[in-house]
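What follows is a single structure, written as structure tokens, with notes after it.
The values are calculated or read from the model by the stated rules, or taken from the named source; none is laboratory data. Since this is a predicted model, take the numbers as computed values, not measurements. In this analysis, Cβ positions are derived from the backbone assuming ideal geometry, glycine residues included, and neighbour counts consider all displayed protein chains. Please note that ligands, DNA and RNA were not included when accessible areas were found on the heavy atoms of the full protein model with its side chains. Shrake-Rupley method; radii C 1.70, N 1.55, O 1.52, S 1.80 Å.
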Amino acid sequence: MQNKGKIITGLVIFIALFTFPFIYRMGKAAPAPDVVLTPKALAAKQCVRSTDYMTAEHMQLLDIWREKVVREGQRLYVTTDGRAFNMSLSNTCLDCHSNKAEFCDRCHDYASVKPYCWECHIDNPKGEKQ
Amino acid sequence: MKSSRRSFLKIAGLAAAGLGTGPVLRSWAAGGGAPAPKIMNNAEALEAKRWAMVIDTRRFHSADDLQPMIDVCHSIHNVPHLKDHHHEIKWIWSEPFGNAFPEREHEFMTEKLHHLPFLVLCNHCENPPCVRACPTKATFKRPDGIVLMDFHRCIGCRFCMAACPYGARSFNFRDPRPFITHTNLAFPTRTKGVVEKCNFCAERLAVGQIPACVEVSDGALTFGDLDDPASQVRHVLKENFTIRRKQGLGTGPGVYYIV
């Protein structure tokens, strides 16, 4: 028990160092980015499904779309309120959300998701300058 | 002791039945709520039991005559133009008679056939060897006979290329995008590491249009339902002598040639 002082000092230093990152960032969590809606999306008011569903499940929806289009040849999506959409990533999602950089990308960068879809799918289907 | 065990089992059974009804009731409740979105075909989509094509080779006299069909296909589908023929990507192209119909070529064939280019593409076989070879089911045969590729599943193993007796498939050895002069923004490109081929214009059939090569062929190409005796392909097949590529292999090609 002669080294009590040393051990306690050591422990205090260790705890201070170990918890430093947490204490330093306390209350400063990076806020979720604000996604920007294009005028076209604003005019439409609603997405192809409820906003909650889209925020949480849009990747699932895209998976269903591509499965249906490519493997079953069905291309028309009729929403519960009767709006019809061509099930297409570039031609439909990016028709309303043509500001991919401020919409899809902004949120994906925050969540650190990198969809590889754009290696094939056109990310500016309206031919606008990037 | 006997009766108490019996009543215990009764109560346990009732309790189990009661627990089981919860999910059932809940799913009934959900089913009665908002209707789900519907997924369906476009009303104008063209449908068939077995799509097929007839190519009237008598209408073509030089490679130039085939170019419009090749150009329209390759431009709407974003097929890159790579000069190095090892890297070449082709959906529809031309071959000399001997390559298109090797088992029919002989030394004393008419001079004309020696020089004539033949338009070739994926045959959308009845019994497609590429579908059997594909380990991921990326290549599959639709109920309407079209042999289609799901690029999302292609792992680039190229078994299908080895299996196809017609050389109808090309592999993307490099990123195709820099080699596409005019991108059709409505259709995806492909990427390095996937195989690709003709899709019988599945995306056009879905919106009521016939394949692009048929559309620009000025009647030299006919497209229709082989299962429908009243269809135009059946009519043309009945009126003319036709051959198919490497018929002896038993793949059942869906592209017929009038020679």
Percent antiparallel among DSSP beta bridges confined to the range B:66-161, rounded to 5, stands at 100 percent
Binning every alpha carbon pair distance of chain B at 10 Å from zero, what are the percents per bin? 6, 25, 30, 16, 6, 6, 5, 4, 2, 1, 0
What the Cα atoms of the range B:136-259 span along the principal axes, largest first and in whole Å, is 45, 34, 27
Longest site-free stretch - chain B; sites: chymotrypsin sites (Phe, Trp or Tyr not before Pro), DSSP loop, at most 14 other Cβ within 10 Å: B:109-240
Dipole magnitude of chain A about its Cα centre, charges +1 at Lys/Arg Cβ and -1 at Asp/Glu Cβ only, in debye to the nearest 20? 440 debye
Using a cut-off of 13 Å between beta-carbons, work out the net charge of the residues near B:THR242 (Lys and Arg +1, Asp and Glu -1, B:THR242 not included). +4
Reachable lysines from B:LYS10, Cα under 29 Å, same-chain residues fewer than 8 places away excluded? B:LYS2
State the answer as a single residue: which of B:VAL194, B:HIS74, B:PHE179 lies farthest towards the positive end of the charge dipole of the protein assembly as shown, with beta carbon charges of +1 for Lys and Arg and -1 for Asp and Glu, about the Cα centre. B:VAL194
Given Cβ point charges of +1 (Lys, Arg) and -1 (Asp, Glu) and nothing else, what value in debye, to the nearest 20, does the dipole of the range B:2-109 about its Cα centre take? 2000 debye
Sequence-distant lysines (8 or more away, or on other chains) whose Cα lies within less than 19 Å of A:LYS40: A:LYS100, A:LYS126, A:LYS129
Cleavage-rule hits, trypsin sites (Lys or Arg not before Pro), the range B:105-137, DSSP coil, Cβ neighbours within 10 Å at most 13: B:LYS137
Solvent-accessible area, 1.4 Å probe, carbon plus sulfur percent, for the range B:198-238: 46 percent
Nearest-20 debye value, chain B charge dipole, Cβ charges on Lys, Arg, Asp, Glu: 2120 debye
Name the residues of the range A:72-96, by number, that are at least 30 Å² less accessible with every protein chain in place than in the isolated chain; the surface is that of heavy atoms, probe 1.4 Å, without ligands or nucleic acids. A:GLY73, A:GLN74, A:ARG75, A:LEU76, A:TYR77, A:VAL78, A:THR80, A:ASN91
What stretch of chain B, leaving out the sites themselves, is the longest with no GluC sites (Glu not before Pro) in a DSSP loop having at most 13 other Cβ atoms within 10 Å? B:108-259
Taking the range A:1-102, which trypsin sites (Lys or Arg not before Pro) meet the DSSP loop condition and have no more than 14 other C-beta atoms within 10 Å? A:ARG25, A:LYS28, A:LYS45, A:ARG83
Enumerate the aspartates and glutamates that A:LYS114 could reach by cross-link, defined here as Cα to Cα under 14 Å, with residues fewer than 8 away along the same chain left out. A:ASP105, A:ASP123
Roughly to the nearest percent, how much of the accessible area of the range A:39-119 is carbon and sulfur, given a 1.4 Å probe? 56 percent
Unpartnered cysteines - no second Cys beta carbon under 4.7 Å - across chain B: B:CYS73, B:CYS125, B:CYS134, B:CYS154, B:CYS157, B:CYS164, B:CYS201, B:CYS213
